[in-house]
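S.K.: Pasting a structure here, questions to come.
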Amino acid sequence: MEYYQYIKALHLIFVITWFAGLFYIPRLFIYHIEATQKPEPDKSILASQFKLMTKRLWFIITWPSAILASLFAFLLLHLAPGWLSQDWMLVKLGFVVLLYAYHIKCHLIFKELQNDVVKWTSNQMRLWNEGSTLILFAVIFLVIVKDAINWIYGVLGIFLLAGMLMLGIKMYKRIRTKNPDA
């Protein structure tokens with residue numbers, strides 16, 4: 001248990017860098033998708049640059065961070081197995097599974113864009129971009145509040161946050177329609 005706090009710190013560092021990658025990769029996807037609608041040679045130049053940027057972000061930061069965050073989490077659970085008997089931890093692990101599903105879907109989108117396959121609009125990707133934000137809010141509240149959380153208010157809060165994010169995206173779309181350089 002002497003090293004528990006160091007392992008916990010490393011876990012948190014890699015969770016933060018993992019989320020940083022998951023926050024940024026859909027933004028790059030949005031820019032890449034929008035670049036495909038530009039005339040040549042802009043389209044080819046931008047697509048090539050976004051492919052390189054996403055590849056570096058994905059394989060140098062995001063995937064390694066996900067793996068290291070998980071390894072340190074397993075080590076923490078090995079050192080303190082009592083956490084697994086806590087309801088909040090089981091719910092948190094459910095959100096981690098959801099986070100990995102989100103991560104894997106991002107990987108599939110990454111592979112499509114690397115192969116010049118565009119199946120999403122930039123607006124759909126803006127909505128998708130909020131998925132990791134919702135998971136982050138849920139996990140942070142679970143970890144901080146633990147057993148004291150009132151699940152009904154927590155669920156309502158997540159839906160309220162999702163509604164506010166969607167409203168913000170719609171407002172941004174209106175602004176962009178009026179001013180394409182925004």
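S.K.: Pop the C-beta distance of Glu2 and Ser70 into the FRET formula with R0 = 30 Å and round what comes out to the nearest 0.05.
M.R.: Computed FRET efficiency for Glu2 and Ser70 comes out at 0.85.
S.K.: Under 19 Å between alpha carbons: how many lysine pairs meet that in the chain, if sequence neighbours fewer than 8 apart on the same chain are excluded?
M.R.: Pairs that pass both the separation and distance tests number 20.
S.K.: To the nearest 500 deg cm²/dmol, what mean residue ellipticity at 222 nm is calculated for the chain from DSSP H runs of n ≥ 4 alone, each contributing -39,500 (n - 2.57), summed and divided by the residues?
M.R.: It comes out at -27000 deg cm²/dmol, rounded to the nearest 500.
S.K.: Same structure again: Taking every Cα atom in segment 14-55, find the radius of gyration and the maximum pairwise distance Dmax, and write them in Å.
M.R.: 12.0, 39
S.K.: Which of His78, Leu142, Gly168 sits farthest toward the positive end of the charge dipole of segment 4-178, with +1 on the Cβ of Lys and Arg and -1 on the Cβ of Asp and Glu?
M.R.: Sorting the options by dipole projection puts first Gly168.
S.K.: I need to check one value: relative contact order of the chain, counting alpha carbon pairs closer than 8 Å and at least 6 residues apart, in percent.
M.R.: 28
S.K.: May I pose another question? Under a plain spin-label model, where a point goes 7 Å from the Cα along Cα-to-Cβ, how far apart in nm are Val145 and Phe59?
M.R.: 4.1
S.K.: Another question, then. Quote to one decimal, in nm, the extra length available between Leu46 and Val117 on full extension: 0.36 nm per residue of separation minus the C-alpha distance between them.
M.R.: Taking Leu46 through Val117 to full extension adds about 24.1 nm, to one decimal.
S.K.: Which order do Ser85, Ser65, Ser48 fall in if you start with the one that has the fewest other Cβ atoms within 10 Å?
M.R.: On the way: Ser85 8, Ser65 20, Ser48 11.
Least to most surrounded, the residues fall as Ser85, Ser48, Ser65.
S.K.: Based only on Cα atoms, what Rg/Rh ratio does segment 4-178 have, Rh being taken as Kirkwood's radius?
M.R.: Over the Cα atoms of segment 4-178, Rg/Rh equals 1.03.
S.K.: Find, among the chymotrypsin sites (Phe, Trp or Tyr not before Pro) in segment 1-37, those assigned to loop by DSSP (not H, G, I, E, B) with at most 11 other beta-carbon atoms within 10 angstrom.
M.R.: Taking segment 1-37 and a limit of 11 other Cβ atoms within 10 Å, the loop chymotrypsin sites (Phe, Trp or Tyr not before Pro) found are Tyr3.
S.K.: Here is a follow-up. Taking other Cβ within 10 Å of each residue's Cβ, how do Trp58, Trp83, Trp88 sort, fewest first?
M.R.: The fewest-first ordering by Cβ neighbours comes to Trp83, Trp88, Trp58.
S.K.: Can you give the FRET efficiency for Tyr172 and Gln37, using 1/(1 + (r/R0)^6), R0 = 25 Å, r = Cβ-Cβ distance, to the nearest 0.05? Display every interim value, and only then the final one.
M.R.: Details: r = 18 Å, r/R0 = 0.71.
Approximately 0.90, to the nearest 0.05.
Throughout, read-outs are computed from the coordinates displayed, never taken from laboratory work. A quick note: this is a predicted structure, and the numbers were derived from the prediction, not measured. Ideal geometry is used to build each Cβ from the backbone, glycine not excepted, and the neighbour counts take in all protein chains shown.
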